[in-house]
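Input: a single structure, listed below in C-alpha cells.
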Amino acid sequence: MLDLYKQIPPTRITDLLLEVDAATGFTEAFTHLRTGAPCADRIGLMNVILAEGINLGLRKMADATNTHTFWELIRIGRWHVEGEAYDRALAMVVEASASSDGQFLLQTR
C-alpha cells in the first residue's frame with residue numbers, strides 16, 4: 001500500500017477542488033444572495049468552503065493563504081455560502097458522478 005502512495009504525486013486540496021468543479025460545475029450553486037449571480041471569485045469561494053469543511057475558520061484560512069484577506073473571505077462567505085447552496089452543490093456532484101444504482105454515467109451539459 002505504501003508503494004502506491006509513493007506513485008501518487010502530492011496534490012493541493014484546492015487544486016483537487018478546482019478539478020472537481022471543472023468536472024461538475026458545483027461552484028455554480030453558490031450564488032449571490034441578492035443578485036443570484038454565481039460567485040466570480042472561485043479561488044476565494046474554494047478557500048471559504050475548505051475553511052468550513054475542515055473547521056479551520058476564515059481568520060486562520062486567511063493567514064494560511066496568500067490569495068485573500070480575512071475580510072475578502074468574510075464577504076464571500078456572507079454573500080455566497082449558505083446551507084441551501086451546499087445542498088445544491090452536493091446534488092450537482094452526485095448527479096455528475098453516479099446514477100441511481102451507483103454506476104458512473106458521464107453526464108452531458
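The values are calculated or read from the model by the stated rules, or taken from the named source; none is laboratory data. Just so it is clear, the structure is predicted and the values come from calculations on it, not from any experiment. Glycine also receives a Cβ, built like all others from the backbone with ideal geometry; neighbour counts cover every protein chain displayed.
What number goes with the only condition from (1) out of contact with any Leu (no Cβ under 7 Å at 6 or more places or on another chain); (2) surrounded by fewer than 18 Cβ atoms within 10 Å (Cβ to Cβ) that W79 does not pass?
(1)
Check whether at least one residue in the stretch 31-44 is aliphatic (A, V, I, L, M), under 25 Å from A98 (Cα atoms), modelled with pLDDT of 95 or more and in contact with a helix residue (DSSP H, G or I) (Cβ under 8 Å, 6 or more places away or on another chain), and report yes or no.
No.
T27 versus (1) among the β-branched types (V, I, T); (2) touching an Asp or Glu at 6+ places or on another chain (Cβ under 9 Å); (3) over 19 Å from L73 (Cβ atoms): which is the lone unmet condition?
Result: T27 passes all but (3).
With the requirement that a residue be surrounded by fewer than 19 Cβ atoms within 10 Å (Cβ to Cβ), of a type in the set (S, T, Y) and in contact (Cβ under 8 Å) with a residue 24 or more places away in the chain, what does the stretch 25-36 give you?
Passing the criteria: only T31.
Starting from residues that are at pLDDT 90 or above and either among the hydroxyl-bearing types (S, T, Y) or touching a helix residue (DSSP H, G or I) at 6+ places or on another chain (Cβ under 9 Å) (or both), keep the ones in the stretch 1-22 and report whichever is nearest to G57 (Cα to Cα).
Filtering first and then ranking leaves L17.
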